[in-house]
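Comments concern the structure below.
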Amino acid sequence: MLIESVVLHNTDPGHHKEYRMELHQETKGHRVIKRWGPIGRANQQKIDDTSSLSAARRIFDDMRQQKLDKGYYVVSPPSPPVQQAAPKPATAPVPQQKPAAPKKSDATKQMSAALKKLKPAATPVAPTFVEGEVVEDDVAW
């Protein structure tokens, strides 16, 4: 069972390296799997088997620190420890409330009232054209 994993990259000039580590609990002890190579093709591998979690954890943590000291950086965060993960209780979804409409200021209310009192302006009508003559309508342009 996987306990923790981490992916590290080194992209300094002249480097394009990846280092992956996994800490596993096995039926008889613990295992640290280390894979490395060019980014995306970490094809070399070394496996360290130990009888105790503390020894495997020490190998895992020491190698991670060595790689960080050499210029590697964490690409994927360490996975949470599987052994210590407790199931979360089921919770009902919280209903979303609709945000309240913004309140109109006094100035906005006064402006709205004043606009309602105004009479609509007469809609201008285009002049009528009759075979070369222009007949003006009674609306001022």
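All of the numbers you see were taken from the coordinates with simple rules; none came from a lab. Worth saying up front: this structure is predicted, and the values here are computed from it rather than measured. Note that we place each Cβ from the backbone using ideal geometry, even for glycine, and neighbour counts take in every protein chain shown.
Can you give the local net charge around Val75? Use residues other than it whose beta-carbon is closer than 12 angstrom to its beta-carbon, Lys and Arg +1, Asp and Glu -1.
Net of charged neighbours comes to +2.
What ³J(HN,Hα) values, in whole Hz, does the Karplus curve 6.51 cos²θ - 1.76 cosθ + 1.60 give for the range 33-43 when θ = phi - 60°, with x put for Gly and Pro?
Karplus values, whole Hz, x for Gly and Pro: 9, 10, 10, 8, x, x, 4, x, 9, 6, 9.
Taking H as built 1.01 Å from N, whose amide H comes closer than 5 Å to the amide H of His30, not counting residues under 5 places away?
Amide H neighbours of His30, under 5 Å, 5+ apart: Thr50, Ser51, Ser52.
Count charges around Gln44 for me, please; just the other residues with Cβ under 15 Å from its Cβ, Lys/Arg as +1, Asp/Glu as -1.
It works out to a net charge of +4.
What ranking of Leu2, Leu8 emerges when the number of other C-beta atoms within 10 Å of each C-beta is taken as an exposure proxy, fewest first?
Leu2, Leu8
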